[in-house]
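Below is one structure, written out as structure tokens; comments come after it.
Rule-based calculations on the coordinates, nothing more; no lab input. None of these values were measured; they are calculated from a predicted model. Here Cβ is always computed from backbone atoms with ideal geometry, including for glycine, and neighbour counts include all displayed protein chains.
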Amino acid sequence: MNSRSPSSPSAFDSKYRCSTTVPEQEPAPPSEQIFSWGRYPKTVHRSVHKPAWNDQLPEILGAAAPHSVLPFGLGRSYGDSCLNAGRDLIDCRRLNRILAFDELTGMVRCECGVSLSDILEVFVPKGWFLPVTPGTSFVTVGGAIANDVHGKNHHCAGTFGAHVHQIALHRSDSGLVFCSSNENPEMLRATIGGLGLTGVIAWADIKLKRVAGPWIDAESIPFESLMSFLDLTHASNKDFEYTVAWLDCFAGRKTRGIFFRGNHVPSPGKPFHPKRGPKLPFELPTWVLNRYTIRAFNTVYYAIHAAQKPKAVVAYGPFFYPLDSIRQWNLMYGKQGFLQYQCVIPETKLEAFEELLDRIAHSGMGSFLGVLKQFGSAPPAGMLSFPRPGLTIALDFAMRGERTLQLMRSLDEVVEESGGALYPAKDARMSPALFETSFPSWRNFVPYIDPKMSSSFWRRVTGSP
Ligand SMILES: Cc1cc2nc3c(=O)[nH]c(=O)nc-3n(C[C@H](O)[C@H](O)[C@H](O)COP(=O)(O)OP(=O)(O)OC[C@H]3O[C@@H](n4cnc5c(N)ncnc54)[C@H](O)[C@@H]3O)c2cc1C
């Protein structure tokens, strides 16, 4: 794996390729509306480059004006960190070849547009799994590195970036730069969690982990207070690789939810058939999701999980990616889209966390997708990595204009006072002041930004051009 792979078609065993016929680069349309996952904000881009080969990137970067371009993956960031309003995007989805795999170490080299679901499809049957995975598999390797994503095993495995051993980065000022712990280590730390601003990741070496198969020994345990959630977490951290909780956000500080935990296990002897779920074909009318329907959903969801068998061996898909079974579920929030609020609050500030839950419950605007997790204490892999010790909560809110933004500003107050942070991958509206609180040393990152790169998010929170 020390040899550097070519940027154009390699002779690599074609059985590992995700696509065999790759069209040439299409001419960019004059303007294109590209959405992030929350479909808010609605932005128009000047052009969207769609390279099919990595060696087209130097030309695209060379021709770009300063502060004008941003790489784009599968657009699973919720807000504007993957958008570049009025400027250009480099859509990396066709850079999707798996270039090499070392069966002894589990090291895979893949282009930036390979998705985590591609990796799982190829390598799970061979007994390998992702070292870290977020709550959707429809995320590219480039996007997973640029947001240094975390998963249900943060307490024992850290973030995705901690498992990236080498990257090749196309920069407009210095060409192809190789970064690892031995070569340009600071550029590697800047690019992990670097929001796509340090250049275009061409390919990355990621160390997969050995697993017994596609099965998870999963448990679901109801809890009825924040303290019992914490007790469950502390009791599970040593023996369970994956822990996370669903939270009923209408319950306020008397929170209730379902705690999920699990480990990889060998086959239980039943056949494994990955399923492809239905697709939501259009945006639902705004009135479908309201406090009554969401409250009813939460009550039923809690009751079903509280009543079902607490232990089961399940396929990895439903355990890690329950939402991936409904494609385009984001259309459920209607034309105005939605925002996700994900923050982390130090565990020493439990009263702040309870205050946050109270404000959400009183607003009556919560969602049915509340997720709660305790982050571990692994040192951050990137300069701007979001995870840090504390409790993280992620909640979706239908966009209802000023009413929604006002609630979020009131949650910001709590986060700011507690010394917590907001996750850029989920954000579309945090203030520069809250960004400063969340990432107090962001200025140390600035020298690593590629002079041609910019994003809507970065301009909004730092005021840069
Ligand atoms: C249902 C759902 C569940 C999620 N669960 C989690 C979770 O559990 N944990 C978590 O951490 N996140 C989670 N996320 C967020 C998601 O994992 C991140 O936003 C991820 O970065 C999206 O990757 P993407 O390929 O869609 O990239 P995009 O959203 O398109 O882009 C993300 C960033 O990557 C940059 N980028 C893309 N390609 C490259 C490249 N080749 N080189 C350099 N930069 C690049 C972009 O410029 C942008 O800054 C979830 C999202 C959804 C929709």
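Is the stretch 295-352 best put as rounded, prolate or oblate by its Cα gyration tensor, with a ≥ b ≥ c the root eigenvalues, rounded for a/c under 1.5, and otherwise prolate when a/b is larger than b/c, oblate when not? In terms of gyration-tensor shape, oblate.
Ranked highest first by the average count of other Cβ atoms within 10 Å around their residues, in what order do 384-397, 196-209 fall?
196-209, 384-397
Divide the volume of the convex hull around the Cα atoms of the chain by the residue count and you get 142 Å³ per residue. Panel order for TYR78, TYR40, by other beta carbons found within 10 Å of each beta carbon, from fewest to most: TYR40, TYR78. Coupling constants for the stretch 124-136 follow from the phi torsions by the Karplus curve (6.51 cos²θ - 1.76 cosθ + 1.60, θ = phi - 60°), and in residue order they are 4, x, 8, x, 10, 9, 5, x, 8, 9, x, x, 9 Hz; glycine and proline get x. Taking every DSSP bridge with both residues inside the stretch 64-127, close to 50 percent are antiparallel.
The Rg/Rh ratio of the stretch 311-465, with Rg taken over Cα atoms and Rh as the Kirkwood radius over Cα pairs, comes to 0.98.
With point charges of +1 on the Cβ of Lys and Arg and -1 on the Cβ of Asp and Glu, referenced to the Cα centre of the stretch 265-415, which listed residue (ASN330, PHE375, PRO274) lies farthest in the positive direction of the dipole? Value: PRO274.
Set against the 2.2 N^0.38 Å expectation for a compact globular protein, the stretch 417-465 has a Cα radius of gyration ratio of 1.15. Taking 24 Å as the limit for the C-alpha separation, the pairs LYS254/LYS426; LYS126/LYS207; LYS254/LYS373; LYS126/LYS238; LYS42/LYS349 exceed it in the case of LYS254/LYS426; LYS126/LYS238; LYS42/LYS349.
Among 262-269, 431-438, the peptide with the highest mean count of other Cβ atoms within 10 Å heads the list, and the full ranking is 431-438, 262-269.
Ordering HIS49, HIS67 from the fewest to the most neighbouring beta carbons within 10 Å gives HIS67, HIS49.
At q = 0.13 Å⁻¹ the log10 of I(q)/I(0) for the stretch 150-258 amounts to -0.70, computed by Debye summation with a single uniform scatterer per C-alpha, solvent ignored.
With helices as the sole contributors, the chain gives -6500 deg cm²/dmol at 222 nm; each DSSP H run of n ≥ 4 counts as -39500 (n - 2.57), and the sum is divided by every residue.
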